[in-house]
Amino acid sequence: EAGVVQSPRYKIIEKKQPVAFWCNPISGHNTLYWYLQNLGQGPELLIRYENEEAVDDSQLPKDRFSAERLKGVDSTLKIQPAELGDSAVYLCASSPSKGQGAHNEQFFGPGTRLTVL
Amino acid sequence: AQKITQTQPGMFVQEKEAVTLDCTYDTSDQSYGLFWYKQPSSGEMIFLIYQGSYDEQNATEGRYSLNFQKARKSANLVISASQLGDSAMYFCAMRDGTSYGKLTFGQGTILTVHP
């Protein structure tokens with residue numbers, strides 16, 4: 001079974017430029033998460049989707065960040081414009097819907113490491 | 001609000017020995033789940049073990065076991081017979097019953113296994 005796929009793995013941009021990250025979850029997983037991980041810290045949730053609906057976006061900085069999951073499968077996270085402080089790893093995770101799976105654990109992708117110069 | 005505390009920034013262990021990674025949590029919920037993830041240098045978070053708040057027995061998964069002390073709000077990870085490949089960052093995380101799906105992570109502990 002294929003895991004969570006993310007691209008690109010690395011991205012270097014200059015400040016004020018836009019950037020987008022793509023995530024394809026594990027097949028059949030209806031719940032998708034985007035996390036932000038700063039260096040030396042644990043991940044923090046940005047947004048959670050149930051199918052195509054964003055059910056928790058309270059931690060997403062909506063002035064510059066946006067996300068979509070139009071068909072309830074893959075998802076895109078965008079930053080426009082990027083700031084120096086956005087340099088971090090952006091992790092995507094997926095899990096079966098509530099009530100499915102042994103513990104509903106989240107399966108993570110390898111992440112996208114963003115560097116803003 | 002939930003909070004996870006990992007007080008050990010770094011730990012060292014000799015190959016084949018056991019090591020305990022500490023985790024304490026804070027929540028006002030009665031129903032919650034506790035997770036441990038491993039993050040090697042490649043960056044991917046790997047699920048290791050789960051403990052539910054109502055589980056009476058400590059969880060075990062191969063060489064991993066969770067020392068769950070509910071009254072003390074601690075959920076320490078025990079790795080037995082350490083291997084060189086266990087060298088990685090380890091995160092404790094909690095999912096509470098009112099925010100299904102959201103994981104709150106601790107700061108992590110870097111484990112280094114010496115040959």
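The values are calculated or read from the model by the stated rules, or taken from the named source; none is laboratory data. A quick note: this is a predicted structure, and the numbers were derived from the prediction, not measured. Here the Cβ positions follow ideal geometry from the backbone for every residue, glycine too, while neighbour counts run over all protein chains shown.
Tabulated data
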quantity	calculated
Members of the stretch A:1-37 that are among the hydrophobic types (A, V, I, L, M, F, W, C) and either within 12 Å of chain B (Cβ to nearest Cβ) or within 14 Å of the chain's Cα centre (by Cα) (or both)	A:V4, A:V5, A:V19, A:A20, A:F21, A:W22, A:C23, A:I26, A:L32, A:W34, A:L36
Residue identified as within 13 Å of the chain's Cα centre (by Cα), surrounded by fewer than 20 Cβ atoms within 10 Å (Cβ to Cβ), more than 9 Å from every other protein chain (Cβ to nearest Cβ) and within 23 Å of B:P9 (Cα to Cα) among B:S80, B:S74	B:S74
Residue match in the stretch B:34-44 (condition: surrounded by 15 or more Cβ atoms within 10 Å (Cβ to Cβ), within 9 Å of another protein chain (Cβ to nearest Cβ) and charged (D, E, K, R))	yes
Residue check, B:D29 touching a residue at least 24 places away in the same chain (Cβ under 8 Å) and outside any strand (DSSP E or B)	yes
Odd one out for B:F68, checked against (1) without any contact (Cβ under 8 Å) to a residue 40 or more places away in the chain; (2) assigned to a loop (DSSP other than H, G, I, E, B)	(2)
Residue match in the stretch B:1-10 (condition: part of a strand (DSSP E or B), hydrophobic (A, V, I, L, M, F, W, C), without any contact (Cβ under 8 Å) to a residue 60 or more places away in the chain and within 11 Å of chain A (Cβ to nearest Cβ))	no
Filter pass, A:V73 being in contact (Cβ under 8 Å) with a residue 40 or more places away in the chain and either closer than 30 Å to B:Q6 by Cα or surrounded by 13 or more Cβ atoms within 10 Å (Cβ to Cβ) (or both)	yes
Leading residue by the ranking (farthest from A:G109 (Cα to Cα)) among those in the stretch B:53-62 that are surrounded by 14 or more Cβ atoms within 10 Å (Cβ to Cβ) and under 13 Å from the mean Cα position of the chain (by Cα)	B:N58
B:K38 vs. criteria modelled with pLDDT of 95 or more and part of a loop (DSSP other than H, G, I, E, B)	no
Top-ranked residue of the stretch A:38-58 - restricted to ones that are surrounded by fewer than 16 Cβ atoms within 10 Å (Cβ to Cβ) and not in a strand (DSSP E or B), ranked as nearest to the other protein chains (Cβ to nearest Cβ)	A:Q41
Positions within the stretch A:15-29 being in contact with a strand residue (DSSP E or B) (Cβ under 6 Å, 6 or more places away or on another chain), over 15 Å from A:Y90 (Cα atoms) and surrounded by fewer than 18 Cβ atoms within 10 Å (Cβ to Cβ), in sequence order	A:K15, A:I26
Unique match (being within 17 Å of B:E44 (Cα to Cα) and modelled with pLDDT under 95) among A:G40, A:G72, A:G28	A:G40
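To keep it simple, each residue is scored yes or no on (1) touching a Cys at 6+ places or on another chain (Cβ under 9 Å); (2) closer than 29 Å to A:N51 by Cβ.
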residue	(1), (2)
B:W36	yes, yes
B:L48	no, yes
B:G62	no, no
B:A75	yes, no
B:A88	no, no
B:T112	no, no
